[in-house]
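To start, the structure itself, in C-alpha cells.
Computed from the coordinates by the stated procedures, all read-outs in this text should not be read as laboratory data. Remember, it's a predicted structure, so these values are computed and weren't measured experimentally. Because the Cβ atoms are built from the backbone with ideal geometry, glycine has one as well, and the counts that use them run over all protein chains shown.
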Amino acid sequence: MWFTRSKQPDVVATTDPGAESGPPGSALGSIWNDRLGRWATRSLQILMVLALAGLAIWGLVQVKLVVIPVLIAIILAAAAAPLVMWLRRHGWSPMLATWVTLLGSLIVFGGVITLIVFAVRNQWGALVESASEGFDDLVEWVQTLPFPIDQEQIDQARDWVVDFVTSAQFSSGAIAGISAAAEVVTGALLVVVVGFFLLKDGDRIWAFFLRPFDGERLARGRRIGETSVKVLGGYIRGTAIIAFVDAAAIGIGLAVLQVPLALPLAVIVFLGAFIPLVGATVAGILAALVALVANGPIVALIVIAIVIAVNQLEGDLLQPVVMAQSLKLHPLVILVALTAGTILGGIIGAVLAVPITAVGWAIIKVWEHPDPSLDARKRIGRRRRERSGATRDPAAVPADSAGGTPVA
C-alpha cells in the first residue's frame, strides 16, 4: 500500500492533459477537424461562392445595356456558326462567309420583324380588348361555381395581365424594356458588331482566352467551347423550328374556326415558344379568350383542345427529334431559370435564361467528365497491350497431358 501511494504522483504526472495537448494552437485546430468543423468549413466556402456569384450578377445587371446585346450576339452567332463553317469548307474565305451569313441573317430577321410589326400593329388594340372581354366573361362564369372565389384576387390578376400586356415594357420586351431610342440603336449595333467578330474569329477569340492553360486543362477548355456552341446553337435552331410549327398549326386552326385576329395570335404563339413551359400556355389562353368573345364557349373549347394537341405533339415528337443535339433540362430547373431571368432582365431575361442555363449545365458536365476520345484511346491501347502480352508469353498457356496441345 505504501508502494502504491508512493507511485501515485508519477501516474498523475504522466496523465496530465496539458502534456498531451501539445502546442496551444492544436486544441483550436482540432475543433475544425471533426465532422461538424468540416461541415462548417464547407458551408463557409459555399456562402463565399454564392456571395461572389451574387456580386458578379449584380455587376452585370448594372451594365445590362452591354451584357444583353453581347449575350444575344453570342446566341445568334452560335446558331449561324454551322452555315459559316459550311461555306468555309467549300472554299469561301472567312471574311466573305461571315459577311454573307451576317447580311443574310439581317435580311431574314428584318423581314420577320417587319411582318410581325405590320401584322400586329393595326390589330393590337382589338386583340387586347377582345382578351379583356373574354376574361370578364370567364370571371362571370367562375362566379357561378358552387365554391366561393375571392373577387379581389380575380381583379388583381386581371389588372396585372392588362397592365403587363399594354405596358411599354411588353411592347419593347425584345430589347429588355429599354425605351430610349439611342439605347436601342446602340444595342442593335453592338449585336451586329459583336456577332460579326464572333462569326469570323470566334475560334481565335476562344483560343486567346485559353492561352494560360496547357495539357489536360487546355483540351478541356476546347471541349467546353465546342460543347457550348453545339448546345446553344442547337437549342436556338430547334426552338425556332418548334415555334414555327406551333404558330403555323395553331394559326391554321384559328383561321379554320374563323376566330378573328388569327395572324396576331399566331405571331404571339411563335414568340411565346421561346419561353419554355410558360410562353405556349399564355399564348393558348389568350387565343381561347379571344375565341370565347367572338365565337362562343364551344369554339373556345375547341381552341383549347387544339393548343393542347399541338403542345403534346411538340413534347412527344418535335422535342426529341429537333432538340436531339441540345441539352434537356428538368422542368423544375427551367422554372427556376425563368423566374430568375424574369426578375433580372424582364422578358428578354426569361428568353435568355434557359439557353444560358443549358450551356452552364453542359460546361459542368464537360468539366467533371474526362475526354471521351482519350478514354477510348486508353481502352484501345490497353487491349493491344493485353493481346501482345498474351502472344509473347507461351509459358502462360498450359498444355494437356496427352500431347501438349494448348488448353482453350
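General remarks:
- Note on Phe270, Phe196, Phe118: ascending count of other Cβ atoms within 10 Å places them as Phe118, Phe196, Phe270, the fewest first.
- Ranking of Trp367, Trp206 by neighbouring Cβ atoms within 10 Å, starting from the fewest: Trp367, Trp206.
- Rounded Å value of the spacing that divides the Cα centres of the stretch 37-103 and the stretch 270-308: 34 Å
- Placing unit charges on the Cβ atoms of the charged side chains and taking the dipole of the stretch 213-344 about its Cα centre, the candidate lying farthest along the positive direction among Leu313, Ile224, Val259 is Ile224.
- Other residues whose C-beta falls under 14 angstrom from the C-beta of Ile308 contribute a net charge of -3, scoring Lys and Arg +1 and Asp and Glu -1.
- For the stretch 173-266, the Cα gyration tensor yields ellipsoid semi-axes of 40, 21, 9 Å (square root of five times each eigenvalue, largest first, whole Å).
- When each of Asp34, Asp203 is scored by the number of other beta-carbon atoms lying within 10 Å, the sequence from fewest to most is Asp34, Asp203.
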